[in-house]
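In what follows, a structure is listed as structure tokens, so that the remarks can point back to it.
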Amino acid sequence: MFDAQPRLLAIGTANPPERVRQEDLLERFRVEDPRIRSLFTSSHIKTRHLYLPEPGPNGAPQESQGQLLAKHKWGAMQIGPEAVEACLSQVGLTVRDIDHLVCITTTGFLAPGLTALLMKKMGFREDCSRADIVGMGCNAGLNGLNLTTAWAKANPGKNALMVCIEVCSAVYVFDNTMRTAIVNSLFGDGAAAVLVRAHPNDDQGAPVPHVLGFNSHLIPSAVDAMRYDWDDEAGKFSFFLDRDIPYVVGANAPRPVARLLAQHGLKKRHIAHWIVHSGGKKVVDAIKYNLGLTDYDVRHTHSILRDYGNLSSGSFLFSYQRLMREGKVRRGDFGIMMTMGPGSTIETALIRWS
Amino acid sequence: MSRSDQAFETLHYNDDGDIATVRLERSRINVRQLGELERVCAHLEDESKASLVIFRGASQGIDFADFDPKAGLDIHGFNKWEKLLRRIEQLEKVTCFFAEGDLVGGGFQLMLTCDVRSARAGATFRLPEVQMGFLPGMATWRLARYIGVGHARRLILRGDSVGTEEAMRLGLIDDVREDLDHADLRAHYRPATAVASALARRLLLESGETQYEDALGNLLAAQFRAISQSAFLENLKK
């Protein structure tokens, strides 16, 4: 039933208070390698919000893996609750109204997971069911939304809350290699919460989108192209990004989109809004040229990248928030959400405002 | 693959699976013709296997008989027209316009969206809009990119009529000929290289509005797509 489709009723976001320019980071950590400096300064990214460590004796910070994990936990417990508050306050709900909680993170492993920590800290009901999605990377927001909307559909009228919480500054390794410099210059900290409910009586007020369906695409040949694994030398987990992966993702992007459109009898021209993960300049360019999207189509993807960097799983929700604030969506408009990440994978969702 | 069975009133459309031809059969552009051109675009985007689209004919521009002067003109109609032109400009097929007579206003605007532009001797080109008190659509943008702002000023502000000789000198048209040579067009625009040609067309369209660094990023993204095509890999083996 169309009118009982799950809908995205509210969105809230939060970031750490400290906002830094790329140049500030080079100064703070006394980075002198010209190749790394140019990676930061020539970036499409202008500012990011980060939980920054103090510089070490030689400039580069010296955080142990234990300190990084601790930062992930306390950082998540700052920006996570802020994003939840920002989301729920828009629809006059409190955490006591939430029936199902999904938390998504890749930037730290912990048990009990973020759902339990968030419920304790914010005072959720003890009977709120929950699920943690850990380690799925930048695409995870749509993997999570797939499950969250399925739960909402199976439980009409109940409130499901999905929260992406990424403290990317807790995965930084400073070892003066290009491999880590690429990561350190790209990712930012941020959390995004979205309220999902399937209820026929929700058709009031400003347009909000129904979630109509999903389509996934795994590229097994690129399984190692994006990975977060243990680096024995550094004694830390370290994120790796293959330099070709933006283009490979771009070349594959038309496939899930074509399937998603075909499933719903639509053509590309019927899609008014594209909400694409701000993975980095190259991958967004590759998607533009493979899907035939314009700079206008990906304006929010670009501006979120410029202002926040790559926020991993929550990035696309920041773009979605900008789109909603822009006030251009109209009832009946279709949109496609698209995220890309380790697997390598491309996740897509079709939404429609009503 | 042939498609000429659709009921069109203002144009004749034929698609032989290789070349699609749109013959304008109304002297002025009205709402009906706009709608029919949209239907043609939908076919070209969704179904047509043709690698080349030819628009041909002559046009005196917008037909104001369609509009009620008391009610005034509606800006959304103009927006619809611009959307159609952009859609034609962004088709993933090479587009060709053959001017068989005078192209005035909207007809001239339509020609400016096409990759290949040819005319029959005696054809003229004119943008009378400003002289009539309105604007020649995004021809202010397209024409300036073709021929430079200086020449565009004269054509747009004075509404001067340009003959084929001057049009060729300005770069508005590529050549003057009695008719199009389909064999020649086929030889130059092969379906095997359709992706490369579509990407090149897009990069050319964007050339005036992008900084070098951004344009380079765009080129690399497009180049990866081009060299991943089986047609390119087959060519390498030859």
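Rule-based calculations on the coordinates, nothing more; no lab input. Not measured: the values here are computed from a predicted model. When we count neighbours, we look across all protein chains shown, and the Cβ atoms used for this are built from the backbone with ideal geometry, even at glycine.
Structure values in brief
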quantity	calculated
Cα lying deepest toward the dipole's positive end in the protein assembly as shown, options B:65, B:150, A:64, charges on Cβ	B:65
Partner chain coverage, peptide A:287-300 - average Cβ within 10 angstrom	3
Radius, Kirkwood style, for region A:211-354 when every pair of distinct Cα atoms is counted (Å)	15.7 Å
Nearest 10 degrees, 0 to 90: helix A:281-291 Cα axis against chain A principal axis	40 degrees
Loop-exposed GluC sites (Glu not before Pro) per DSSP, neighbour cap 10 Cβ within 10 angstrom, longest uninterrupted part of chain A	A:234-354
Largest-first principal axis extents, alpha carbons of region A:2-202, Å	59, 31, 26
Where the Cα pairs of the protein assembly as shown fall when distances are cut into 20 Å bins, in %	18, 44, 29, 8, 0
Chain B - charge dipole about Cα centre, Lys and Arg +1 at Cβ, Asp and Glu -1, debye rounded to 20	380 debye
24 Å Cα-Cα threshold exceeded, pairs from A:236/A:282; A:288/B:83; A:120/A:236; A:282/B:80; A:267/B:93; A:268/A:288	A:236/A:282; A:120/A:236; A:282/B:80
Surrounding net charge for residue A:18, when Lys and Arg each add one and Asp and Glu each subtract one, Cβ distance under 12 Å	+2
Residue of B:19, B:147, B:75 that the Gaussian network model of chain B assigns the largest fluctuation, springs spanning Cα pairs under 10 Å	B:75
Relative contact order [Cα under 8 Å, 6+ residues apart], region A:1-139, whole percent	25 percent
Per-selection Kirkwood Rh - chain B (Cα, Å, 1 d.p.)	18.9 Å
Relative contact order for chain B, counting Cα pairs under 8 Å that sit 6 or more residues apart, in percent	15 percent
Region A:102-251, dipole about Cα centre (Lys/Arg Cβ +1, Asp/Glu Cβ -1), debye to the nearest 20	560 debye
Computed over chain A: relative contact order in percent, which uses C-alpha pairs under 8 Å that are six or more apart	24 percent
Crossing angle, helix B:31-46 versus chain B [Cα axis fit, 0-90 degrees, rounded to tens]	0 degrees
Principal-axis tilt of helix A:315-326 within chain A, Cα atoms, nearest 10 degrees	60 degrees
Which of A:351, A:250, A:337, positive extreme of dipole for region A:237-354 (C-beta unit charges)	A:351
Region B:154-176 versus region A:189-233: alpha-carbon centroid distance in Å	53 Å
